[in-house]
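Scroll down for the structure; my scribbles are underneath it.
The values are calculated or read from the model by the stated rules, or taken from the named source; none is laboratory data. Here the structure is a predicted model, which is why all the values come from computation and not from measurement. Reconstructed Cβ throughout: ideal geometry from the backbone, glycine too, with neighbour counts over all protein chains shown.
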Ligand code: AP5
Ligand code: MG
């Protein structure tokens, strides 16, 4: 099963993608997580990506497409995967379709997690991310067992640099301009499904599994 998670920054793509990956036993591929890991490790890709990410801008398509196409060609992706944060522009979607077409494959679902802008800014200011493993939490909606400490690896939690309110607004603008057109793109392809992302995390997941099946 090959799934794309669509949605604004902070809609809950990562939260739901993680749960999908665990339930259906497929890899969770988050381009944001890949870039953050590269930044942490000081790679050339990380240095390039950081200059865009810190401003709330998209990383150029040419830095993203090959990376994802390589990743989905790996052995662990043969039974499917869930893409989180990719594609994010029409050229990225077209490049993905072409790469899959060359392999005789196609995407099964594009799930749009729908959350209005006014909910997003509130949500992002409460998000905390682990400096060690990148796991994400929310002060109110998804708290850790011990305050400020990651449940998974025990490291410290921080507010992501791009989660400051002024950068969140910029990311929302970029989303509406460059990523929202993908909703039409996948509707035309016949694989778009919508879920309400404003309800509880578990209720969103129930809607997702109703789409994907047991
Ligand atoms: P990326 O890491 O993908 O960030 P994003 O799209 O802005 O999305 P987020 O990760 O912020 O939100 P999310 O939807 O995953 O929400 P989450 O589940 O964490 O990308 C970062 C940057 O990398 C981009 O800005 C860009 O520069 C670059 N980049 C990445 N991919 C790229 C690409 N393909 N092309 C070009 N550039 C690219 O949830 C948010 C918070 O809400 C959490 O605290 C969570 O606990 C909470 N929450 C989740 N669901 C609920 C719920 N139902 N109710 C209440 N709270 C909830
Ligand atoms: Mg995410």
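Suppose the filter is closer than 16 Å to residue 2 by Cα and at pLDDT 95 or above; does residue 198 pass it? Taking the combined requirement at face value, the residue does not satisfy it. Taking the criterion of being more than 8 Å from ligand 1 (Cβ to nearest atom) and closer than 16 Å to residue 122 by Cα, the residues of the stretch 157-172 that qualify are 159, 161, 164, 165, 166, 167, 168, 169, 170, 172.
Taking the stretch 201-214 as the search range and keeping residues that are in contact (Cβ under 8 Å) with a residue 12 or more places away in the chain and within 16 Å of residue 115 (Cα to Cα), which one is surrounded by the most Cβ atoms within 10 Å (Cβ to Cβ)?
Within the stretch 201-214, the first condition is being in contact (Cβ under 8 Å) with a residue 12 or more places away in the chain, and the residues that meet it are 201, 204-205, 207-209, 211-212.
Going one step further and asking which of them are within 16 Å of residue 115 (Cα to Cα), we end up with 201, 204-205, 207-208.
Working: 201: 15, 204: 23, 205: 18, 207: 17, 208: 21.
In this case the residue turns out to be 204.
Of all residues in the stretch 80-128, those that are within 17 Å of residue 178 (Cα to Cα), in a strand (DSSP E or B) and out of contact with any helix residue (DSSP H, G or I) (no Cβ under 8 Å at 6 or more places or on another chain) total 1. On inspection, residue 162 does not qualify as in a helix (DSSP H, G or I) and modelled with pLDDT of 95 or more.
Suppose we keep only residues that are within 13 Å of the chain's Cα centre (by Cα) and within 10 Å of ligand 1 (Cβ to nearest atom) within the stretch 80-89. Which one would you say is surrounded by the fewest Cβ atoms within 10 Å (Cβ to Cβ)? Full working, then the answer.
Here is the first cut: in the stretch 80-89, the residues within 13 Å of the chain's Cα centre (by Cα) are 81-88.
Narrowing further to those that are within 10 Å of ligand 1 (Cβ to nearest atom): 83-88.
Working: 83: 24, 84: 24, 85: 23, 86: 22, 87: 26, 88: 20.
The qualifying residue surrounded by the fewest Cβ atoms within 10 Å (Cβ to Cβ) is 88.
The number of residues in the stretch 132-149 being in a loop (DSSP other than H, G, I, E, B) and either closer than 28 Å to residue 193 by Cα or away from ligand 2 (no atom under 16 Å from the Cβ) (or both) comes to 12. Summed over the stretch 40-91, residues that are touching a strand residue (DSSP E or B) at 6+ places or on another chain (Cβ under 7 Å) and without any contact (Cβ under 8 Å) to a residue 24 or more places away in the chain total 0. Going through (1) out of contact with any strand residue (DSSP E or B) (no Cβ under 6 Å at 6 or more places or on another chain); (2) more than 27 Å from residue 55 (Cα to Cα); (3) surrounded by 14 or more Cβ atoms within 10 Å (Cβ to Cβ) one by one, residue 188 falls short only on (3). With the requirement that a residue be free of Cβ contacts under 8 Å to residues at least 40 places away in the same chain and over 19 Å from residue 197 (Cα atoms), what does the stretch 1-24 give you? Result: 22, single match. Among the numbered conditions (1) part of a helix (DSSP H, G or I); (2) within 26 Å of residue 208 (Cβ to Cβ); (3) within 11 Å of ligand 1 (Cβ to nearest atom); (4) touching a helix residue (DSSP H, G or I) at 6+ places or on another chain (Cβ under 8 Å), the only one that residue 5 does not meet is (1).
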